[in-house]
Amino acid sequence: MAAKIFIDGEHGTTGLQIRTRMAERRDVELLSIPHEERRNPKMREDLINSADIAILCLPDDASREAVGMLAGNNSVRVIDTSTAYRVNPDWAYGFAEMDKDQAERIRGARYVANPGCYPTGAIGLIRPLRAAGIIPDSYPVTINAVSGYTGGGKNLIAQMEDKSRDDHIDAQHFLYGLNLAHKHVPEMTTHGLLPRAPIFSPSVGRFPQGMLVQVPLYLEELEGEHNQESIHALLSEYYAGQDIVRVVPLAESGSLARLNAEELAGQDIMKIYVFGGGAHVNLVAQLDNLGKGASGAAVQNMDLMLSA
Ligand SMILES: NC(=O)C1=CN([C@@H]2O[C@H](COP(=O)(O)OP(=O)(O)OC[C@H]3O[C@@H](n4cnc5c(N)ncnc54)[C@H](OP(=O)(O)O)[C@@H]3O)[C@@H](O)[C@H]2O)C=CC1
Ligand SMILES: CC(=O)N[C@@H](CCC(=O)OP(=O)(O)O)C(=O)O
């Protein structure tokens, strides 16, 4: 029998992309809410409680409200794409490749918190080196990133595209999160296995989908003797045996003069590059903020849960 899936927030940016990815599938039955009823609490509550898996594509507060609608229900499983539960130990963190047992945790979980787009890149770069003891506790980790503007949902999309709005943004590229307290920092710290918060500086470019996340490192400050090759070998081994997170061979990355933030738009994979050489390396993750950074990961997690 087809599994019943309800996407609460199906008319938003992340929800629509999940719906598109499931359109041709016969193994799932999508329970749908009409656009004009999308904020109707009674209808949402009925649909959430009728699903095998509810995928929440809502702002944090609305996600918490949706989870509250499941009081007394012990069967519906939840994937939440918001920030609300990402560092909650009762929820499995939905980044299947982040360590060897994570896919199994997701498969067996009732509650799965889908990672943020920036944390997917940052954790993907940092966690293997922290797990191996190569980035010491004292290392001052910094993360710089650029996202496509769909990362800000319907509101930012309208601000970027609609010139008639009072709050129209005409910049080609802007920094934000200038107080260095972006909502993703706790998630990067926890799942990056960092003993203190990294400095995270996000930015947005005038392109809809795509993302680059950079973690530059001083090799001499790492634990043990390291060079570009040894860091690359460690990451390659860490991500061996699956094909969603791909470590780009040094021969390929070494021949690049530029890296395009939009390269993986429309794809659900993430590529990891080890640039640099000499005294420094720059670890870079390239992904689609709506792919492995949101909707692609949600569908991957749903598939894991359905395979339990
Ligand atoms: N966009 C991205 O790249 C990523 C987004 N996320 C997260 O995914 C979640 C959804 O984001 P995104 O799709 O970008 O946002 P959007 O603003 O594009 O979509 C959110 C949807 O939720 C609906 N909604 C808002 N409040 C309520 C409510 N109280 N009850 C029912 N429906 C409601 C909105 O309705 P209305 O049309 O009326 O506003 C809209 O359809 C957020 O938590 C976001 O942080 C995570 C990773 C990446
Ligand atoms: C470009 C942009 O605005 N991006 C969003 C994060 C996108 C994302 O990962 O969303 P959640 O963590 O909210 O689920 C932001 O910085 O708030």
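Descriptive notes on the structure:
- Region 120-212, relative contact order in percent, only Cα pairs under 8 angstrom and at least six apart counted: 44 percent
- Annotation: amide H-H contacts under 5 Å for residue 290 (H modelled 1.01 Å from N, sequence separation of 5 or more, or interchain): 210.
- 4 °C / 1.567 mPa s Stokes-Einstein diffusion coefficient of region 117-291, Kirkwood radius on C-alpha pairs, µm²/s: 77 µm²/s
- Sequence-distant residues sharing a close amide H with residue 270 (under 5 Å, placed H): 245, 246
- Positive-pole candidate from 247, 202, 282, dipole of region 117-291, charges at beta carbon: 202
- Helix 13-22 axis, angle to the chain major axis (alpha carbon atoms, nearest 10°): 80 degrees
- Surface composition of region 117-291: carbon plus sulfur atoms hold 51% of the accessible area, using a 1.4 angstrom probe and ignoring ligands, DNA and RNA.
- Furthest towards positive pole of dipole, 92, 56, 69, structure part region 22-103, Cβ charges: 69
- Relative to the longest principal axis of the Cα atoms of the chain, helix 296-306 runs at roughly 60 degrees.
- About its Cα centre, the chain has a charge dipole of approximately 380 debye under the convention of +1 per Lys or Arg Cβ and -1 per Asp or Glu Cβ, with nothing else charged.
- Karplus-derived HN-Hα couplings along region 171-185 (A = 6.51, B = -1.76, C = 1.60, θ = phi - 60°), whole Hz, x at Gly and Pro: 5, 7, 7, 9, 7, 8, x, 5, 7, 6, 10, 4, 5, 7, 4
- Rounded to the nearest 20 debye, the dipole magnitude of region 151-202 is 240 debye, with +1 charges on Lys and Arg beta carbons, -1 on Asp and Glu beta carbons, and the Cα centre as origin.
- The chain: antiparallel DSSP beta bridges as a percent of all, rounded to 5: 45 percent
- Long-range amide H partners of residue 7 with built H, under 5 Å: 31, 55
- DSSP bridge orientation in region 117-291 - percent antiparallel, rounded to nearest 5: 70 percent
- 1.4 Å probe accessible area per residue over region 159-266, in Å²: 58 Å²
- Table column - 3J(HN,Hα) (Hz), region 78-94, Karplus curve with 6.51, -1.76, 1.60, x for Gly and Pro: 10, 10, 10, 8, 7, 7, 4, 10, 6, 10, 8, x, 7, 10, 7, 7, x
- Derived scalar couplings ³J(HN,Hα) [region 192-200; Karplus, 6.51 cos²θ - 1.76 cosθ + 1.60; whole Hz; x for Gly, Pro]: x, 6, 8, x, 8, 5, x, 7, 10
- Longest site-free stretch - the chain; sites: GluC sites (Glu not before Pro), DSSP loop, at most 12 other Cβ within 10 Å: 25-224
- Taking 0.36 nm per residue of sequence separation and removing the Cα-Cα distance, the residue 178/residue 255 pair yields an extension gain of 24.3 nm.
- Assuming charge only on the beta carbon of Lys and Arg (+1) and of Asp and Glu (-1), the dipole of region 182-308 about its Cα centre is about 460 debye to the nearest 20.
- Positive-end residue of 28, 109, 78, charge dipole of region 1-119 with Cβ unit charges: 28
The values are calculated or read from the model by the stated rules, or taken from the named source; none is laboratory data. Here the structure is a predicted model, which is why all the values come from computation and not from measurement. Every residue, glycine as well, gets a Cβ built from its backbone with ideal geometry; the counts of neighbours run over all protein chains shown. Calculation scope for accessible area: heavy atoms of the full protein, side chains included, ligands and nucleic acids excluded. Shrake-Rupley method; radii C 1.70, N 1.55, O 1.52, S 1.80 Å.
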